[in-house]
Amino acid sequence: MKFDLTRPTEHQFREGLISGLIAVSIIIPLLVTVNFVGHRPVRWVYIDAAVACVLISVVYAAFFMVLTSRKFDIATHAGMVFVMVCLAMAALGLIELGSSTTFGTYTPAVMVGVIFISIIGDRWMRIGIDVFTIGLIAVVSWVGGVRGSDLVAVELVYASTIVIITWITARTVGSLNRNVNLRHAINTLNEAIDGGGPGAGTTNADDIADVIRRGLPLVSAIIPADRVAAFARDGRVGRFTNLGTWPGGSGVSDLAKLAELDQALRADAVVVTTGHCVIPIGYCTEGELVLVVDRQDVAGSAQVRTEEGAALIAAAFLRVTSRANFVSGLQAESRTDPLTGLANRRTLYERIEIEMEHALRSETPLTVAMIDLDYFKRYNDKHGHVAGDTLLRAVAALMVSNIRGQDLVVRYGGEEFCLVLPETDILGGHHLLDKLREGGRDATTDVGITLSAGLTSWDGIEDITSLIERADQALYRAKESGRDRVVSIQSFTEF
């Protein structure tokens, strides 16, 4: 696996290190064995030096691992691997000098190190290993007795071969591993943003913001970044609201002012500049969503890779934000009356249960009211269902506009509505319902429709069904008493 030091992973480092150790553990013992099996004279000083190189590399690796056991820094570890490879190649050169074979018999083995670094290293590591290998071959050749034009020929052949092998390996295997790394990073991003489903108690914007916050730290593994920020644009005022940043605590107000944000949202396409990458990623209830990647200036092939990575990031976030919007829509549909847009009975029971717990904790009153349109059936039969539906929507809008933010109005069924009034006693509820009744009469004078209401307060003991039943009983009494009025029942003793 390639560890491009701009976006490495610990897994890639482990795989590369294991591959290198396997190669070295095979090639060096093999060469030593061939030396001894051939019963040729051995220059022990060089063999001892080769063994010393191997031992130094082992001690160096062990010492290094102990020092960095608590913190994994890929760039530092990559430097360690580079040093170990250089020591291993020096050992190969010394084995060559320690044998009495014709020069060049074992020298090609150093290509193992060149290929290894070409696969796992970045540009500077590849340049470094090429220079080291060419220099090592020059030293081995000189000590081995190669001089003059022969030395020049050896150096030219090996140098050109090493450069070509490095270039081919970097272009083929390196490119392949870069694609593997990219797929791995995208899979990791998908797993992270799929890690939690929409919460039952949160809004659509909350769900999507949570998804974005989980995914932001992984964007830099796909597109190298200094900062990453997500914004939601309110189309009415054209203002961008920050939904999350990486790294945490970094200021992103300057990113919200980039002209590329509007450009990307207008075109619904990724916009890549030398210093920024702007990616539309869907929408939520707060507005259109856009991701901004701030990085050092890049150009050329890096720009092409940025565009490819940005397209994959866009697809990942679009998939999960679309799903969150779909689930949120299903949740809203299952809790909403389709005619009036008010909450339905399912929401009513859930909300009353929550408000009962709140009333107990805070020792505050909880009042519930049932409201009915008087003579609605007569109106519906005379004017038709379309007119009746219009009237129901008008009354629903009237109620919503006259309640507090903490209150809840529900279409209970037909022409009947229910009000949940937290932290409100019977007197306060009666006052509100009289206001609604008078407003309803003013709004429906020309159609002859009035409102009747019944209300009650929770006694802290009874269940939800009993509470609603008592409010409904109060409504029945209002109907029986002549309609267009509010009747309250404080407790069951008043039945």
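The values are calculated or read from the model by the stated rules, or taken from the named source; none is laboratory data. The structure displayed is predicted, hence computed values, not measured ones. FYI the Cβ positions are ideal-geometry reconstructions off the backbone, even for glycines, and counts take in every protein chain you see. For the accessible areas, the whole protein counts, side chains as well, though only heavy atoms, and no ligand, DNA or RNA atoms are used. Shrake-Rupley method; radii C 1.70, N 1.55, O 1.52, S 1.80 Å.
Observations on the model:
- Test set (1) surrounded by fewer than 18 Cβ atoms within 10 Å (Cβ to Cβ); (2) modelled with pLDDT of 90 or more; (3) part of a helix (DSSP H, G or I) - THR364 fails condition number: (3)
- Screening ASN380 with (1) of a type in the set (S, T, N, Q); (2) within 44 Å of the chain's Cα centre (by Cα); (3) open to solvent by less than 60 Å² (accessible area, probe 1.4 Å) gives one miss only, at (2).
- Per this entry, ALA230 is counted among residues that are in a strand (DSSP E or B) and either at pLDDT below 80 or of a type outside the set (Phe, Trp, Tyr) (or both).
- Selection status of CYS277, of a type outside the set (Val, Ile, Thr), surrounded by 18 or more Cβ atoms within 10 Å (Cβ to Cβ) and closer than 16 Å to GLY309 by Cβ: yes
- Taken together, the residues in the stretch 336-348 that are within 19 Å of THR465 (Cβ to Cβ) and surrounded by 14 or more Cβ atoms within 10 Å (Cβ to Cβ) amount to 5.
- Check on ARG213, open to solvent by 30 Å² or more (accessible area, probe 1.4 Å), under 24 Å from GLU308 (Cβ atoms) and out of contact with any Phe, Trp or Tyr (no Cβ under 7 Å at 6 or more places or on another chain): no
- From the options VAL163, VAL146, residue that is at pLDDT 75 or above, assigned to a helix (DSSP H, G or I) and of a type in the set (Val, Ile, Thr): VAL163
- Residues of the stretch 97-114 satisfying the condition of being within 18 Å of ASP150 (Cβ to Cβ) and either modelled with pLDDT of 70 or more or open to solvent by 50 Å² or more (accessible area, probe 1.4 Å) (or both): LEU97, THR102, PHE103, THR105, THR107, PRO108
- Residue within the stretch 73-81 that is hydrophobic (A, V, I, L, M, F, W, C), open to solvent by less than 20 Å² (accessible area, probe 1.4 Å), modelled with pLDDT of 80 or more and within 42 Å of the chain's Cα centre (by Cα) present: no
- Selected residue (only one of ALA269, ALA310 is out of contact with any Phe, Trp or Tyr (no Cβ under 6 Å at 6 or more places or on another chain), modelled with pLDDT of 85 or more and not β-branched (Val, Ile, Thr)): ALA269
- Among the residues making up the stretch 131-141, a single one is open to solvent by less than 20 Å² (accessible area, probe 1.4 Å) and under 46 Å from the mean Cα position of the chain (by Cα): THR133.
- Flag if LEU419 is touching a His at 6+ places or on another chain (Cβ under 8 Å), modelled with pLDDT of 85 or more and not in a loop (DSSP other than H, G, I, E, B): no
Let's see how each residue does on (1) farther than 30 Å from VAL290 by Cβ; (2) modelled with pLDDT of 90 or more; (3) not in a strand (DSSP E or B):
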| site | (1), (2), (3) |
| --- | --- |
| THR321 | no, no, yes |
| ALA324 | no, no, yes |
| LEU330 | no, no, yes |
| THR347 | yes, no, yes |
| GLU350 | yes, no, yes |
| MET356 | yes, yes, yes |
| LEU360 | yes, yes, yes |
